[in-house]
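Step one of this worksheet: look at the structure below.
The values are calculated or read from the model by the stated rules, or taken from the named source; none is laboratory data. Quick caveat: nothing in here was measured; it's all calculated off a predicted structure. Neighbour counts are summed over all protein chains in view; Cβ atoms, including those assigned to glycine, are modelled from backbone coordinates with ideal geometry. Just the protein is used for accessible areas: all its heavy atoms, side chains included, with ligands, DNA and RNA removed. Shrake-Rupley method; radii C 1.70, N 1.55, O 1.52, S 1.80 Å.
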Amino acid sequence: MPFFDSIKAGFKDLKAEGQKLMGSSSDPPPQQPYPQQQQGYYYGQPPPPQPQYNRPPPPPSQGSYPGQQAQAQRQQTYSNYPPPTFSPPPPQQQYGAPPPQGPPPQFASATGPPQQPIQGVYWSARFDPNSAVSQEWEEKQGNNNGWGNNELQHYTNQRENSFFTGNNLLVLRAISNPSHPDPAQKYTSARLVSRQRLARPRGSLVATLTLPSAPGIWPAFWLLPYEPFTWPTDGEIDIAETWNGDGINHSCLHWGQFTPEDNWKHRVVGSFIPGMQQGRPVRFEFAWDQNEQAGGQGRMVWYIDGRPVMKASIPQGTRKMADFNILLNIAMGGNVTQGKTPAQGVYDFVVYDMKMLDQPENGGWQKFDHDFHTTREGDTM
């Protein structure tokens, strides 16, 4: 697909992020890009044939792509913020509730004691506005030389970039203010790493998210082993990852260098998600089952809105699944967004709920077994 061809160099630089994170003494030598394989879309209606992702979208009078009108309206809204004195809405802004999807999330109330946990849930994120974000999340800071990807954002621990709302939601907020005189304030965002690990050899991680959708914006919900770790051999799992507002989510697994010999160690499925560009909350789930006594053999399945979209065997030699932490972040600009920069404004990544269960959310391990035998493997990159 031309989309993946256009970003193959960006992916190479992206994965250098792991080396940057770990402060390795030497980065791997630059590698020559390699051909990409055809990439299909598995969930939702695909974009129009042969979309020109590496070109500006045509004006409405000359055609459109899914979500273009909503995106144009969003851009107009963001452009109303005057530089450089605009202030974001207060952290207690009330977001609408997501569509009903199973039992309501059981979080601590701002006015009462925590509710009893849902049966089968061994961890649920608490988004209590009376507590600090840092209580459950490590707040990464700085630009870190573009995070290996020439990204623009500076991650902060300021409340304008990550906060809990009065109705128990977590918001990561990227703020684009390119006319600000301080380079560190032109593009600010949040990068949160959970203090909670997956902690078990089998289970399921579920979250309902609204992802920001606009040119130059790259939100992600993903997993890395707890630090210190060695990238890429210890593994990386991407559950929700999209950029430039195209409505395509990337479910990914990485455990190799970006060389022709290692291309089979990078697996991805692109899924066009209806309504994501218009701000619809989307249900993401990642389920794993690993036998730590049998050399770490095991299986993984990625789900979107309850539909399995990708499967993979757990690669030998990667860190055990129980060691992985959750990462949430919004990147801005850089190679993966093909050099596009976000228009001035605020871009919100809203987390409605997040939990870990002792079995997959709908259907348990019996359905997981069925899904693993019937779901496609990721394409090589």
Once neighbouring chains are kept in place and the probe is 1.4 Å, which whole percent of the accessible area of region 136-380 is contributed by carbon and sulfur?
46
If you take the alpha carbon radius of gyration of region 318-364 and divide it by 2.2 N^0.38 Å, what ratio comes out, to two decimals?
1.76
State in Å² the accessible area per residue of region 136-380; use a 1.4 Å probe, count heavy atoms of protein chains only, and round to the nearest integer.
30
Karplus-derived 3J(HN,Hα), 6.51/-1.76/1.60, for each residue of region 139-149, Hz, glycine and proline x
9, 5, 9, x, 9, 6, 6, x, 6, x, 9
Rh by Kirkwood over Cα pairs, then Stokes-Einstein D for region 174-281 at 1.002 mPa s and 20 °C, µm²/s:
132
Taking 30 Å as R0, compute the FRET efficiency from the Cβ-Cβ separation of Thr374 and Lys320 and round it to 0.05.
0.70
Using alpha-carbon pairs under 8 Å, 6+ residues apart, how would you state the relative contact order of region 136-380 in percent?
29
List, in order, the whole-Hz ³J(HN,Hα) value for each residue of region 203-209 obtained from phi through the Karplus relation with A = 6.51, B = -1.76, C = 1.60 and θ = phi - 60°; use x for Gly and Pro.
x, 8, 10, 10, 8, 9, 10
Accessible area of Glu377, 1.4 Å probe, to the nearest 10 Å²?
110
